[in-house]
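> The structure under discussion is supplied below as structure tokens; questions concerning it will follow.
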Amino acid sequence: MINLTGKVAIVTGAARGLGFGIAEKLVNLNATVIINDIDKAGVDAAVKTLEQNDGKVFGYVCNVANEQQVNEFVDQVLTENERIDILVNNAGINRDGMLHKMTSEQWKTVLDVNLTGVFHMTQPISKIMREQNGGRIINISSASWLGNVGQANYAAAKAGVVGLTKTAARELARYDVTANAICPGFIDTDMTRGVPEKVWDMMVSKIPAGRAGKPEDVANCISFLASDQASYINGEVINVGGGMVL
Ligand code: NAI
């Protein structure tokens, strides 16, 4: 049975979707959970929901693409909690388009959030984890890191997240800090609900499990990676996709 009592966890982009599901799971496992997001109303609503049943949860508005905002956020979390045990880099966006039509704005916006945002969060927090001799970094990549039509920017960013994760795993292992990447397949959130019904059906038809994933499918895997039981699992890229990528 996983119990995260006494652990301080950060989940980025947790006002809704996967991030919210991950935060909810960690709260249920007794961690103190700090969420951030660019959506202030969403953060307030998420905190209110997660506080029910005595959850220890705190919310901040923070854009992970903005280094100064991230540093201020991390400083504040550290001042208030004295340690950071678990970092889940979840915040992400898509701005899809075929490569021949993709604008540099589309490219840059996605890279800034999905890759540079992960660096902004991981750099100061990995320093803290080194000093405290322990920590768990879990980065949300995507099945698309292997390449996906219409997602050159997104796939490049998510492949970058894998490279960053494996480097962090090598550098931090001696400090009892692990870094792993999770690649969700096709999960039912606002990000995927926007696709036309035909595309939804086509995506689901490619999943051996016969259904889209739920945020808790991903959260269950994260709760294990965040636990003491996962101390010897490092630098892995784990698909959570009902068999979509085999
Ligand atoms: P979503 O769009 O439902 O939620 C994303 C959250 O991130 C939103 O609350 C949004 O306000 C927040 N956010 C966006 N930009 C931000 C920024 N600069 N700083 C802080 N927060 C920001 O998306 P979903 O589906 O929950 O995705 C979560 C993560 O999972 C993303 O990294 C996404 O790429 C990844 N993913 C999702 C899959 C899916 O099928 N839904 C599949 C594979 C990966």
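The values are calculated or read from the model by the stated rules, or taken from the named source; none is laboratory data. Just so we're clear, the structure is a prediction, and the values are computed from it rather than from any experiment. A quick note on method: Cβ atoms are made from the backbone with ideal geometry, for glycine too, and the neighbour counts reach across all protein chains shown. All accessible areas refer to the heavy atoms of the entire protein, side chains included, with ligands and DNA or RNA removed. Shrake-Rupley method; radii C 1.70, N 1.55, O 1.52, S 1.80 Å.
> How much accessible area per residue does region 1-137 have, in Å², with a 1.4 Å probe? Could you put the intermediate results ahead of the total?
Numbers: 6800 Å² over 137 residues.
Averaged over the residues of region 1-137, the accessible area is 50 Å².
> Taking the Cβ of residue 230 as the center, what net charge do the other residues with Cβ under 15 Å away carry, scoring Lys and Arg +1 and Asp and Glu -1?
Details: positive: 7, 25, 136; negative: 85, 176, 228, 236.
That sum, taken over residues with Cβ under 15 Å, equals -1.
> Between beta-carbons, use under 10 Å as the cut-off and find the net charge around residue 95, counting Lys and Arg +1, Asp and Glu -1. If you can, show how the numbers build up before the last one.
On the way: positive: 108; negative: 96, 105.
Overall, the nearby charge balance is -1.
> If you roll a 1.4 angstrom probe over the protein chains with everything in place, what fraction of the accessible area of region 1-106 belongs to carbon and sulfur, to the nearest %? Don't skip to the end; give the middle numbers.
Values: 2540 of 5510 Å².
The C+S portion of the solvent-accessible surface of region 1-106 is 46 percent.
> What does the helix-only formula give at 222 nm for the chain: each DSSP H stretch with n ≥ 4 adding -39500 (n - 2.57), the total divided by the residues, and the result rounded to the nearest 500 deg cm²/dmol?
After summing the helix terms and dividing by the residues of the chain, the value is -13500 deg cm²/dmol.
> Expressed in nm², what is the orientationally averaged projection area of the convex hull enclosing the Cα positions of the chain?
Numbers: hull surface 51.7 nm².
Reported value for the Cα convex hull: 12.9 nm².
> Could you sort out which of 25/56; 158/214; 108/198 sit more than 22 Å apart by Cα distance in this structure? Write down the numbers at each step before the final one.
On the way: 25/56 12 Å; 158/214 20 Å; 108/198 29 Å.
With Cα atoms farther than 22 Å apart: 108/198.
> I need the phi-derived Karplus couplings for region 146-161: 6.51 cos²θ - 1.76 cosθ + 1.60, θ = phi - 60°, integer Hz, Gly and Pro marked x.
Along region 146-161, the couplings run 7, x, 8, 4, x, 10, 4, 5, 5, 5, 5, 5, 6, 5, x, 4 Hz.
> Find the centroid of the Cα atoms in region 40-106 and in region 127-149, then give the distance between the two in whole Å.
14
> What number, in percent, do you get for the relative contact order of the chain if the mean sequence gap of Cα pairs under 8 Å and at least 6 apart is divided by its residue count? Working shown, then result.
Values: 498 pairs, mean separation 47.0, N = 246.
Over the chain, the number comes to 19 percent.
> Provide the per-residue ³J(HN,Hα) series for region 118-134, in order, calculated from phi with Karplus coefficients 6.51, -1.76, 1.60 and θ = phi - 60°, each as a whole number of Hz, with x at glycine and proline positions.
Result, rounded to whole Hz: 5, 4, 4, 6, 6, 4, x, 6, 5, 4, 5, 5, 4, 5, 8, 6, x.
> Going by amide H atoms built from the backbone, whose H comes under 5 Å of the H on residue 38, apart from near neighbours?
Here 62 satisfy the definition.
> Taking 8 Å as the Cα distance limit and 6 or more residues as the minimum spacing, I'd like the relative contact order of region 143-191 as a percentage. Please list the in-between numbers first.
Working: 32 pairs, mean separation 14.2, N = 49.
Relative CO of region 143-191 lands at 29 percent.
> Quick one: net charge around residue 132, please, counting Lys, Arg +1 and Asp, Glu -1 for every other residue with C-beta under 15 Å from its C-beta.
Working: positive: 7, 83, 127, 130, 136, 174; negative: 82, 85, 131, 176, 228.
With Lys, Arg at +1 and Asp, Glu at -1, the neighbours total +1.
> Let me ask something additional. So what's the angle, to the nearest 10 degrees on a 0 to 90 scale, between helix 215-225 and the longest Cα principal axis of the chain?
Approximately 40 degrees, to the nearest ten.
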